[in-house]
Amino acid sequence: MLKYIHKEGKAPLIKILSVLLVINITLFFCLPDTLFTVIVFGISLVLFAMALNFYKRPHRVYKGDLHGLVNAPTDGKVVVIEKVFEKEFFNEERIQVSIFMSFFNAHSNWVPVSGKITHLSHVEGNFRAAYLPKSSHENEHTNIVIETPEHGTILTKQIAGAVARRIITYVEKEEEVHIGSPLGFIKLGSRMDIYLPVDSEILVDLGEEVRANVTFLARLSQVKR
């Protein structure tokens, strides 16, 4: 069972289970054979099942080209596909693709492309609803810039949400990363943004549900030398 749980979830799940056990055992002895005790037990089962789903570790192996494709970095719903002017790192137009993770999605994050991490920074900020457009800039987030060998540079953002208060990033600056490998974890509702070159071929639609290491977000054009 434990092998299906993400390492970030083992301690929180033990705490949640402990609290629910104390509540239900207390009710069982104090209010036995009552409808209230049965209802609380049912709610406890649902809550723990939701927590298990949130902290599950999808056992998926990336299958696709090592270069030129952009892997969905998380499970969730595509809430933004638009051309924006990215001024912090590229100072040029980029295609922004944003994926919103609800409480029902596994919150593991994965590397979207193979390449070298040329920039990594964590920015303090607000904790507004992650599906709002302004959350990309105003919410607490981590910036990860990855330079690919032949297909340019992309920016990935891990963004905290209204409830999420902790962003975990496993990769480091100057590290060579492989597409589909673990990138990090965001606890509770959150989102991830990808900023792609404007000549990228987008392979997903707005509102589409995507799965990390299964769905391709885009195909990158080869950079002319």
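Readers should treat all values here as calculations from the given coordinates under stated rules, not as data from a laboratory. From a predicted model like this one, the values you see are computed outputs, not experimental measurements. Here Cβ is always computed from backbone atoms with ideal geometry, including for glycine, and neighbour counts include all displayed protein chains.
Between helix 35-54 and the chain, what is the angle of the helix's C-alpha long axis to the longest principal axis, kept within 0 to 90° and rounded to the nearest 10?
So the helix axis and the longest Cα principal axis differ by about 20 degrees.
Give the peptides 113-123, 25-35, 56-66 in descending order of average Cβ contacts within 10 Å, highest first.
The packing order, highest mean first, is 113-123, 56-66, 25-35.
Angle check, please: helix 10-30 long axis (alpha carbons) against the longest principal axis of the chain (alpha carbons), in degrees 0 to 90, nearest 10.
That helix lies at roughly 20 degrees to the long axis.
I need the P(r) histogram for the chain: all alpha carbon pairs, bin width 5 Å from 0 out to the longest distance, whole percents.
1, 7, 14, 17, 18, 14, 9, 6, 5, 4, 2, 2, 1, 0, 0, 0
With each run of n ≥ 4 DSSP H residues scored as -39500 (n - 2.57), what mean residue ellipticity at 222 nm is computed for the chain after dividing by its residue count and rounding to the nearest 500 deg cm²/dmol?
Working: 3 runs with 45 residues, N = 225.
One gets -6500 deg cm²/dmol as the mean residue ellipticity at 222 nm.
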